Structure formats: C-alpha cells, structure tokens
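Novice: Pasting a structure below so you can have a look.
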Amino acid sequence: MTRRLTATGFSTALVALVLALSGCSLTAFTDVDTVDQSDGFGQYGDGEVYTEDDEDLGVVEVYTVEPDASLSPTGDETTESVWDMFVRIVTPEVAGSVIRDFRVGDSESSDTLAYVLQTDDPQQWTLVVNLAYASDEDLLLSTLIHEYAHILSLSPGQTDPEAWSCDTLQLDEGCAEPDSALWAFDQEFWAQYGTDAPDPANADADLAYEFYLDHEEDFVSDYAATNVVEDFAESFMTFVLEPEPDSDTTIAQKLLFFWDRPEYVEIRDHVRSEFDL
C-alpha cells in the first residue's frame, strides 16, 4: 500500500531526531519494483534514466538518491527543481539518508499528486511525484510537506516493522509504537469515532467522503477523512503552512497537537524560513 496525496536550518539535535524518527533515522511494506535490465533502458551511472511502469502515472523515470542528496543521473530542469524543493523541506542530511530513489511521471489524466512508498528496507523510502502539477508551486510545496509527514510518522522508531499483532494501531508498516505521535493522534482524535471510522488502510474515496460529510468540522480537508494516517499528514501540512490557531475547534486542537511538540515546531520553523512563508 502506498501513502499518496491526490488532486539546512535544522539544529544538530533536530537532525539527529529526524534521522531517528525515520529509522536511520498524503506507504507500505511493498517492495520497490526492481528494474528490468533487459528492457533496453540505460543503467544507473551511464547518464541514462531507468523507466518503470506505474499504476497511477503510467511510465515514471527512476533516479537514485546519493548520500549527498543529489540525483543520479541528473534530471531535467523540472525534475531537479521538484527534488530541490523536497530537499529544502527535509534538509540534505535527511533526504540523502532516508530517500533511496526519486521517481517522476507526467500524467495530466491522473489525480495523484505524489506518494511515498517504503522500500524493502523499512528505513528507506521511495518518493514519486506527478510533474503534471509541478508548475503550481504552492500545491507542490503542500504536497511534499504532506508526504514528509508520512515519513516522519511511519518510519522505524515511530512504528515497529517486525510487529504484526499489536495493542496500538495496526498499520501496513507494522505497529505504531506506544510513544509514537501517530498513536497519540489516533487516541486523541480518532478513538471517539469507534467502528464508524475508516480503518488505517482505507483508500476508498467514497467511504472517506461520506465520513467527512458526517464530521466535516473535524477535518482540515475531505482527504484527511480517508484514514488516521492521512489526517495526520494533512493536519501536519496545515500546521506548517498556517498560523497558530486561537480557537478551540477540533481542527484547531489537531494543529495544536503539533504545536505542543517542539520537534515538529522546529521543522515548521525551518520550512517557513526556507520558503519565506
């Protein structure tokens, strides 16, 4: 299962924290597709780019992320620009250690903006972006922040990839750790819905929208009602991009959830400084 989103300012301590959160530290224990080297495409290092078939985006180009956060081979102007925005969000240290490969497609017919996918090594991730939406910088920024929230909340340290029977939150990535932010978010905001809530693996847009209509005042977007994992990511994205709330609504409480955690506040400060927000 993938975690998708549809239609160097850190202190040393924070870099260490983010790396710990990510196991080197808008999804799954699904392995990254292996490259078929018999298909005639170039190999890494020879200046050519592998291509792969993607269920949502058609054909995608595949780039290896080097330890210094550069792409191999070098992408075209748009690819490098999108990747640079992500690196600026997460810092080169995190991008070079947590992201194994970066994939881009260009499909105007797809409503998928981007997604992240855990590799066969749960400490590392694949990031996939639809370049058809890359010209909208505000949308791209919010999308990449959303995807970063998945990495922060689902990597080893926040989840136990070896556990498949748990007393916390059962995820495709394993069990949410008892002290994880996602488990705390679930208990504070989703436990009240009981069995009426979509489960953490829900990807049914119709079910999510029905749930959203029943609880519209609780969510920053209709997509946030998909499941608790997407609600966490959408709420984190809103926390980064919007001012601190001064009300007592459920949405405000979700944003204050992040304001109460200094590690997330420092990420917010970094992103807002990096992009002059």
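Novice: Which stretch or stretches of segment 63-103 have amide N atoms under 14 Å from the point lying 7 Å from Arg272's Cα along the Cα→Cβ direction?
Specialist: Those under the cut-off are none; the list is empty.
Novice: Given a 1.4 Å probe and every protein chain left where it sits, what share in percent of the accessible area of segment 155-239 is carbon and sulfur?
Specialist: Heavy-atom surface of segment 155-239 belonging to carbon and sulfur, 1.4 Å probe: 44 percent.
Novice: Under a plain spin-label model, where a point goes 7 Å from the Cα along Cα-to-Cβ, how far apart in nm are Glu217 and Ala203?
Specialist: Placing both labels 7 Å along Cα→Cβ, they lie 3.4 nm apart.
Novice: Measure out, as a whole number of angstrom, how far apart the alpha-carbon centroids of segment 178-233 and segment 99-115 sit.
Specialist: So the two Cα centres are separated by 24 Å.
Novice: If you don't mind, another one. Residues of segment 188-256: accessible area per residue at 1.4 Å, in Å²?
Specialist: Ligands and nucleic acids excluded, the result is 48 Å² per residue.
Novice: Nearest 0.05, what FRET efficiency do Glu244 and Cys166 give at R0 = 30 Å with Cβ-Cβ as r?
Specialist: After rounding to 0.05, the efficiency reads 0.35.
Novice: Probe of 1.4 angstrom, ligands and nucleic acids ignored: what's the accessible area per residue over segment 44-107, in square angstrom?
Specialist: 42
Novice: Once R0 is set to 45 Å, what does the formula 1/(1 + (r/R0)^6) return for the Cβ-Cβ distance between Gln253 and Asp68, expressed as a FRET efficiency to the nearest 0.05?
Specialist: 0.65
Novice: Provide, in order from the shortest bin, the percent of all Cα-Cα pairs of segment 88-181 in each 10 Å bin, continuing until the bin that contains the maximum pair distance.
Specialist: 16, 43, 30, 11, 1
Novice: Sticking with this one: Among Leu71, Val87, Ser97, whose Cα sits farthest toward the positive end of the charge dipole of segment 57-111 (+1 at Cβ of Lys/Arg, -1 at Cβ of Asp/Glu, about the Cα centre)?
Specialist: Result: Ser97.
Novice: Now, a different point. Can you tell which of Pro161, Val128, Leu144 lies farthest toward the positive end of the dipole of segment 123-180, using +1 and -1 charges on the Cβ of basic and acidic side chains (Lys, Arg; Asp, Glu)?
Specialist: Value: Val128.
Novice: Dipole size in debye (nearest 20) for segment 117-267 around its Cα centre, Lys and Arg Cβ +1, Asp and Glu Cβ -1?
Specialist: Computed about the Cα centre, the dipole is about 280 debye.
Novice: Let me ask you something else. So how much slack lies between Glu48 and Thr195, counting 0.36 nm per residue of separation and subtracting their Cα-Cα distance, in nm?
Specialist: Full-extension gain reported as 47.9 nm.
Novice: Taking the alpha-carbon set of segment 159-249, what are its Rg and Dmax in Å?
Specialist: 13.5, 41
The values are calculated or read from the model by the stated rules, or taken from the named source; none is laboratory data. Just so it is clear, the structure is predicted and the values come from calculations on it, not from any experiment. Virtual Cβ from ideal backbone geometry, glycine too; neighbours counted across all protein chains shown. Accessible surface is based on the protein model in full, side chains and every heavy atom, while ligands, DNA and RNA are left aside. Shrake-Rupley method; radii C 1.70, N 1.55, O 1.52, S 1.80 Å.
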